[in-house]
Amino acid sequence: MRTVRQMLDTLDGLFEDAFMFPTISSPRGVLRSTDNTLAVRIPWDIMEDDDEIKMRLDMPGLSKEDVKVCVEDDVLVINGGQKREKGENDSWSARSYSSYNTRLLLPDDCETEKIKAELKNGVLNITIPKAKVESKVVDIHVE
């Protein structure tokens, strides 16, 4: 199981590791080669700011009925999959399987009850709001 922080670190590492991909990094998880042609598109992306964490996961061919997103004990669980079989009348058996399963440990400051997920055009977007954390200063009398 990975934490959200580990996913961010992994994404940063992909962009920084020149030996892994001899390309130039650009925003939104797209890597471009030195001649500016598309080289690699990472199938997930994650961004974090002071108010929320946003995730984008490619899930081509899946409908919202094929995808389940839930939180179990501060762990974001994302499952998706489908199984199609056709081709009984011809000599070739057509089969199509796809599945996706990941579990991410959420940071302590997330509002799990307010997480939103939307699947549109094969892309799952998840928004995880962060709780407002106020610093409390307590003066301690020294004797």
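Read-outs: derived from the displayed coordinates by stated rules, not from any lab. Quantities reported herein were computed from a predicted structural model and do not represent experimental measurements. Cβ sites come from the backbone with ideal geometry, for glycine too, and all protein chains shown count toward neighbours.
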- request: Scan around L106 for amide H atoms under 5 Å from its own, H built in the peptide plane at 1.01 Å from N, and keep only partners 5 or more places away or cross-chain.
  value: V75, L76
- prompt: Length gain on complete extension for the stretch M47 to A131, per 0.36 nm per residue less the alpha carbon to alpha carbon distance?
  reply: 28.6 nm
- prompt: Residue by residue, what Karplus-based ³J(HN,Hα) values in Hz, rounded to whole numbers, does the stretch 102-108 have, using 6.51, -1.76 and 1.60 with θ = phi - 60° and x for Gly and Pro?
  reply: 8, 10, 10, 6, 7, x, 5
message: 5 Å is the cut-off here: which amide hydrogens, built 1.01 Å from N in the peptide plane, fall below it relative to E111, excluding neighbours closer than 5 in sequence?
response: K130, A131
- prompt: Ordered by residue, what ³J(HN,Hα) values in Hz, to whole numbers, does the stretch 127-133 give under the Karplus form 6.51 cos²θ - 1.76 cosθ + 1.60, where θ = phi - 60° and Gly and Pro are x?
  reply: 10, 10, x, 9, 6, 6, 9
- prompt: If Lys and Arg each add +1 and Asp and Glu each add -1, what is the summed charge of the other residues whose beta carbon sits under 11 Å from the beta carbon of A131?
  reply: -4
field: ³J(HN,Hα) computed for each position of the stretch 115-121 - Karplus, 6.51 cos²θ - 1.76 cosθ + 1.60, integer Hz, glycine/proline x
entry: 5, 10, 9, 9, 10, 9, 6
